[in-house]
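This report concerns only the one structure given below.
The values are calculated or read from the model by the stated rules, or taken from the named source; none is laboratory data. These figures come from a predicted structure and were not determined experimentally. All Cβ positions, even for glycine, are placed from backbone atoms using ideal geometry, and neighbour counts span all protein chains on display. Side chains are part of the model used for accessible areas, which takes the heavy atoms of the whole protein and leaves out ligands, DNA and RNA. Shrake-Rupley method; radii C 1.70, N 1.55, O 1.52, S 1.80 Å.
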Amino acid sequence: MGQHKECLTITIQGIVQGVGFRPFIYNLARQLGIHGFVSNTSEGVIIHAEGTDLDLFIDRIRREAPPLSRIEKVEIAPSDPTGLADFFIRASRDAGSFTLLSPDIAVCDACLQELFTAGDRRYRYPFINCTNCGPRFSITRSVPYDRKNTTMQVFTLCDACSAEYHDPGNRRFHAQPNACSVCGPKVTLLDAQGKMVDCSDAIARAVGLMKQGKIVAIKGLGGFHIACDAMNHAAITLLRQRKRRSNKPFAIMSPDLSFIKECCKVTPEEELLMTSPQRPVVLLRKNDNCMLPDAVAPGNACLGFMLPYTPLHYLLFVSADRTAMESDFRALVMTSGNLSEEPIIGTNEEAVQKLSPIVDAFLVHDRDIFMRVDDSVLRVMSRLVSGSKHDVAAATFIRRSRGFAPEPVPLPDDGPIVLGCGADVKNTFALTRGRYAILSQHIGDMENYETRKFFEETLRNLTSVYRAQPELVVYDLHPRYLSSSWALEYAVKKGLSPVGLQHHYAHIGSVMAEHGLKDRVIGVAFDGTGYGSDGTLWGGEFLIADTHGFVRAGHLKQVPLPGGEMAVREPWRTAVSYLKDAYGADEIIRNIGPTGFLEKYGRKGMENILMLADNRDFSPLSSGAGRLFDAAAAIMGVSDRNTFEGEASMALESLAADGIDDAYPVDIHFGTTIEVDFSYTILALVDDLRRSVGKRHMAAKFHNAVVDAITRVVLKLAVMNNIKMIALSGGVFQNHYLTERVRNKLLMENLAVYANEHVPCNDAGISLGQAYLAREMMKDGALS
């Protein structure tokens, strides 16, 4: 008597499309003698399975799923037998629900080997891919993830590619972007005016131009890069002039890990991150003998390196006449192809229109980019507490985009569809759907029309793909944020009630969302500027927060920002405010000789700033921690201008010497609301300048003062409120020196410390906090 046959319908949700899941199921089912079918649907992968040991089948699905997949949920239900005599892959169907999209993935080793194997039919084909690698999110127009729903639809498979696509034993079985030089996309070289250059090898010609010191715009996976030889100081300087990017660091691409290690210190965790399928830009500590020109990242202790992640990138480094993996370039500058503060460019036409004044040529292709995605940027942060269970290192996002977007953040339970519209700088939006928060890729700074269009384009795409029409729209309280005015307009158009949430509460909410926290936490939200509930500018905040609301339990002492936004761009103005607060209006001029301000700006200039600081119409009060770091940098003579966001603070961090425990004094007033006063810190800084103390030592002592202040306030609040959970967020916590030491001190006090891991701690994480907090309030009936 034969074994009893079972018949089940198995629904698998998660990242299960575009990652080789159906071929995996097909081959596993046939190996186990199971009959039935597998199909992509808009709600996930559906399997109809008939066999004698389906428990083993389901167990192996969980254990052996493709490496790029992520199973979030498996639903199993009895089913009626179909009488199928084999196992099949059925055509995809739209079930009216939604499934998760796979991010774009770097070229795999198998494809890379074929790329450089002479005689292979894809030898040096710049769009080689398979089920395990290649474009996904950037080419997907809709789900289910099938070729007809991607920008590859216009390329008809040739016989050879079609045979691979339909062969279950081939790794290109159902690889939707599958193509070759016969049937797939092609590259073309255009001159600076956008006219086609007649040449037999467009890539070789582009390489030749860069060897001559020229600048080339290169269309990649999710948009354009602007590239030049990273060893050519003149080319980099020219690029800075043309792009009007005075000091902001450029990202660098190199195919050679040994070269990267010559330039930077690379830990095993950083190497693992760099070589991951996501291939992000990783911020690495620069070696003293780094051979790259300082113009790549002026005055910065870190360099942003990435490995090539598309076949086209590899071909830029390896000429056709090279038989080994010997590079034409040690490294290339690969900065985002955009104008200042605008989104990355995605079409050939727009690239020519906007980048012609910057570049000497364009290396383009004819595979359309549907979803533009900039490079992701990460940094490995130590979380070391010697001899304890906390000995780990983890990567944190500076920018979350290609390779990670739109991978969701899992939420603790189901809930309504909420749209968080984010902040104005480093904007992203977040869309909650079911048990997930779907984060957009990096959008950019919402100060121009192009970024707003990109925001709307991406939102339109993701709401369509995820079938998610928001029931609630959340915005930042800042009255002049363009993201907020957009949210209010959108709410009126859609007939929704908009909800405003305070900026720093949303920062802490982003940490709570990532870790599934709902109960009270002590939130430390340190950034440059955010609009406070009292109408002043906040930025150095200690909050007692849960999903119902927050109380401002403490903050840095407020100082005026002379000239408002001008003080953000010119940190010396904020420094004058701090110096006035420390010395008093009558004594400041007499005491600030060591800063050099009188020589730089003149007595009259200083007096004008002091007068301006007293005018609240032009000098708003701020408790911003970022502004404190700016002021310290200016007083020490490290940086008195911010040509890009956070420049002065980054320069100050770069200076801080390791191995120094000394700290400047800080005065903390433990009243009803705690106030942290850094006046004594400022006085001590100037005194050290007077005594010619080394600036590396001074930078460390300043950082240690901030660490001590945070620790003291948190410990006091923890005891007063009986709270053990601490949430750290805000752009200041991108500072490795500060964050590592704050975390370690709090862990040593047996507190549970949470920080952003899946989204950046800067304003790019605001949207997640907005969406999560409002969603929880809506579930509790606090919002309708």
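Does I236 count as open to solvent by less than 10 Å² (accessible area, probe 1.4 Å), over 22 Å from D104 (Cα atoms) and over 23 Å from the mean Cα position of the chain (by Cα)? Here the answer is yes, as I236 does meet what is asked.
Residues that are open to solvent by 20 Å² or more (accessible area, probe 1.4 Å), at negative phi and outside any loop (DSSP other than H, G, I, E, B): does segment 197-206 have at least one? Talk me through it step by step, then tell me what you get.
If we filter segment 197-206 for residues that are open to solvent by 20 Å² or more (accessible area, probe 1.4 Å), which is where we start, we get 197-201, 204-205.
Imposing the further condition that a residue be at negative phi reduces the set to 197-201, 204-205.
So of that shortlist, the ones also outside any loop (DSSP other than H, G, I, E, B) come out as 204-205.
Yes - at least one qualifying residue is present in segment 197-206.
When segment 123-178 is filtered for residues that are at positive phi and at pLDDT 90 or above, the ones remaining, listed by number, are R124, G134.
For T82, the test of being part of a strand (DSSP E or B) and not hydrophobic (A, V, I, L, M, F, W, C) is failed. Please go through segment 414-427 and give me each residue that is touching a residue at least 40 places away in the same chain (Cβ under 8 Å) and either open to solvent by 10 Å² or more (accessible area, probe 1.4 Å) or in contact with a Phe, Trp or Tyr (Cβ under 7 Å, 6 or more places away or on another chain) (or both), ordered by number. Scanning segment 414-427 gives G415, P416, I417, L419, G420, C421, G422, A423, D424, V425, K426, N427. Looking only at segment 38-60, decide whether some residue is closer than 19 Å to H174 by Cα and assigned to a helix (DSSP H, G or I). No, segment 38-60 contains no residue that is closer than 19 Å to H174 by Cα and assigned to a helix (DSSP H, G or I). For beta carbons closer than 6 Å, sequence separation of 6+ or different chains, a first residue in segment 12-33 that is touching a residue at least 12 places away in the same chain (Cβ under 8 Å) and a second that is of a type in the set (D, E, K, R) and buried (at least 23 other Cβ atoms within 10 Å of the Cβ), the qualifying pairs are G18/R136. Take the conditions assigned to a loop (DSSP other than H, G, I, E, B), over 17 Å from L100 (Cα atoms) and either at pLDDT 90 or above or not aliphatic (A, V, I, L, M) (or both) and apply them to G33. Does it pass? Judged against the criteria, G33 is a match.
Within segment 657-686, if we keep just the residues that are of a type in the set (V, I, T) and either modelled with pLDDT under 95 or not in a strand (DSSP E or B) (or both), the residue that is nearest to the chain's Cα centre (by Cα) turns out to be I660. Of everything listed in (1) touching a Phe, Trp or Tyr at 6+ places or on another chain (Cβ under 8 Å); (2) of a type in the set (S, T, N, Q); (3) open to solvent by 10 Å² or more (accessible area, probe 1.4 Å), the single unmet condition for Q734 is (1). When segment 246-297 is limited to residues that are hydroxyl-bearing (S, T, Y) and open to solvent by 40 Å² or more (accessible area, probe 1.4 Å), the one that is modelled with the lowest pLDDT turns out to be S246.
Tell me whether segment 474-495 contains one or more residues that are open to solvent by less than 10 Å² (accessible area, probe 1.4 Å) and free of Cβ contacts under 8 Å to residues at least 40 places away in the same chain. Yes, because at least one residue in segment 474-495 is open to solvent by less than 10 Å² (accessible area, probe 1.4 Å) and free of Cβ contacts under 8 Å to residues at least 40 places away in the same chain. Being more than 19 Å from the chain's Cα centre (by Cα) and closer than 25 Å to T41 by Cα is the requirement here; does P470 meet it? Yes.
Scanning segment 724-773 for residues that are without any contact (Cβ under 8 Å) to a residue 40 or more places away in the chain and not β-branched (V, I, T) returns K724, R741, K745, L746, E749, N750, L751, A752. Does P571 satisfy the condition of being in contact (Cβ under 8 Å) with a residue 24 or more places away in the chain, under 21 Å from M650 (Cβ atoms) and of a type outside the set (D, E, K, R)? Yes. In the set (1) farther than 21 Å from T150 by Cα; (2) part of a helix (DSSP H, G or I), the condition left unmet by R460 is number (1).
Scanning segment 226-235 for residues that are among the aliphatic types (A, V, I, L, M) and under 19 Å from L363 (Cβ atoms) yields I226, A227, A230, A235. Given the criteria surrounded by fewer than 23 Cβ atoms within 10 Å (Cβ to Cβ) and not small (G, A, S), does I635 qualify? For I635, the condition - surrounded by fewer than 23 Cβ atoms within 10 Å (Cβ to Cβ) and not small (G, A, S) - is not met. Is it the case that segment 364-371 has a residue that's under 30 Å from E269 (Cβ atoms), of a type outside the set (D, E), crowded, with 24+ Cβ neighbours inside 10 Å and modelled with pLDDT under 95? Yes, segment 364-371 has at least one match.
Scanning segment 535-577 for residues that are closer than 30 Å to G781 by Cβ, modelled with pLDDT of 95 or more and part of a loop (DSSP other than H, G, I, E, B) yields T547, H548.
For L689, state whether it is buried (at least 18 other Cβ atoms within 10 Å of the Cβ) and either touching a residue at least 60 places away in the same chain (Cβ under 8 Å) or part of a helix (DSSP H, G or I) (or both). Even if it seems obvious, please write down each step before you answer.
Details: buried (at least 18 other Cβ atoms within 10 Å of the Cβ): yes; either touching a residue at least 60 places away in the same chain (Cβ under 8 Å) or part of a helix (DSSP H, G or I) (or both): yes.
Judged against the criteria, L689 is a match.
Within segment 465-524, restricting attention to residues that are in a helix (DSSP H, G or I) and of a type in the set (S, T, Y), the residue that is farthest from G415 (Cα to Cα) is S485. Contact map, segment 43-54: residues that are open to solvent by 20 Å² or more (accessible area, probe 1.4 Å) paired with residues that are part of a strand (DSSP E or B) and of a type in the set (S, T, N, Q), Cβ distance under 8 Å, separation 6+ or inter-chain. Pairs shown: E43/T11; E43/Q13.
Results for (1) under 22 Å from N427 (Cβ atoms); (2) under 24 Å from the mean Cα position of the chain (by Cα); (3) at pLDDT below 95, shown as yes or no for each residue.
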position: L689; (1), (2), (3): no, no, no
position: A700; (1), (2), (3): no, no, no
position: A709; (1), (2), (3): no, no, no
position: K716; (1), (2), (3): no, no, no
position: I726; (1), (2), (3): no, yes, no
position: V753; (1), (2), (3): no, yes, no
position: N762; (1), (2), (3): yes, yes, no
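When each of A575, A585, A567, A625 is tested for being within 29 Å of R691 (Cα to Cα), surrounded by fewer than 18 Cβ atoms within 10 Å (Cβ to Cβ) and aliphatic (A, V, I, L, M), the lone residue that passes is A585.
Selection over segment 597-610 of residues that are open to solvent by 20 Å² or more (accessible area, probe 1.4 Å) and closer than 17 Å to L685 by Cβ gives a count of 2.
Could you tell me how many of the residues in segment 72-81 are open to solvent by less than 70 Å² (accessible area, probe 1.4 Å) and either among the charged types (D, E, K, R) or in contact with a Phe, Trp or Tyr (Cβ under 9 Å, 6 or more places away or on another chain) (or both)? Outline the logic, then answer.
Just the residues of segment 72-81 that are open to solvent by less than 70 Å² (accessible area, probe 1.4 Å), to begin with: 72, 74, 77, 79.
With the extra rule that they be either among the charged types (D, E, K, R) or in contact with a Phe, Trp or Tyr (Cβ under 9 Å, 6 or more places away or on another chain) (or both), the set shrinks to 72.
Residues flagged as open to solvent by less than 70 Å² (accessible area, probe 1.4 Å) and either among the charged types (D, E, K, R) or in contact with a Phe, Trp or Tyr (Cβ under 9 Å, 6 or more places away or on another chain) (or both) within segment 72-81 amount to 1.
For A727, the stated conditions hold: it is open to solvent by less than 10 Å² (accessible area, probe 1.4 Å) and either within 19 Å of W538 (Cα to Cα) or not in a helix (DSSP H, G or I) (or both).
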